[in-house]
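Quick note: the coordinates plus some simple rules give every number you see, no bench work behind them. Source: prediction; values computed, not measured. For neighbour counting, all protein chains shown are included, and Cβ atoms are generated from backbone atoms with ideal geometry for every residue, glycine included.
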Amino acid sequence: MKNFNNKVEEFIRVDHAGERGAVKIYEGQLLALNTLIKDETLKKTIEEMKIHEKEHCEFFESEIKKRKIKPTKFLPLWDLLGVGLGFGSTILGKKAAMLCTASVEEVIDKHYQDQINKLGPEEKELKKKIIKFREDELHHKDIAYEKGATKKGLYSLMDKIIKTGSKIAINISEKI
């Protein structure tokens, strides 16, 4: 049972870091959209997606406190990198900003599905939340492609970089 509890702790720690990271990415995108780039439609889309991410983050924040789980020690670095990724992708243009969302959400889809498959009946509420959050993330991915995300040309390199970074952050945040 201890091993399973450790797994659940890892799930909550990494999901907290990931959802907080998503909020920071959107904050970085909104920073670019409020300063350098003027695109009210894109701004509205990002603001709407950020609302879901904040809801997800708040849930995992409360789970961290309730279960007395230590958050990842890397939160300050993830915050900085998230804002930087959001800002940087947005100054590259709408396609890059939306690809940032699509790439992250594709990694999160697989990550959440893996957790859903491993969670048993003793974590029914947690599993229900992760299922709902995964559906939100898939919706964000669909929106990103509808709004211009592409993997053509150099965007394929950007996709690989973002996905690799996301997977590294997941692996580190589970353990540390």
Sort Lys50, Lys127 so the one with the fewest other Cβ atoms within 10 Å of its own Cβ comes first.
-> Lys127, Lys50
Helix 2-35 sits off the longest principal axis of the Cα atoms of the chain, rounded to the nearest 10 on a 0 to 90 degree scale, by 20 degrees
Using packing as a proxy for protection, rank 77-88, 56-67 so that the peptide with the highest average count of other Cβ atoms within 10 Å comes first.
-> 77-88, 56-67
Taking segment 2-175, the equivalent ellipsoid from its C-alpha gyration tensor has semi-axes in Å, biggest first, of 28, 16, 15
Assigning unit charges at the beta carbon (Lys, Arg +1; Asp, Glu -1) and nothing else, what dipole magnitude in debye, to the nearest 20, does segment 2-175 show about its Cα centre?
-> 440 debye
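Going by C-beta contacts inside 10 Å, put Leu33, Leu154 in order with the fewest on the left.
Leu154, Leu33
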With Cα coordinates, the longest principal axis of the chain makes an angle with the long axis of helix 94-118, in degrees rounded to 10, of 10 degrees
Under 12 Å from the Cα of Lys65, which aspartates and glutamates turn up, not counting those fewer than eight places away in the same chain?
-> Glu9
Flagged as over-length at 30 Å C-alpha distance, from Lys44/Lys175; Lys24/Lys129; Lys141/Lys175; Lys43/Lys151; Lys43/Lys167; Lys24/Lys118, the pairs are Lys44/Lys175
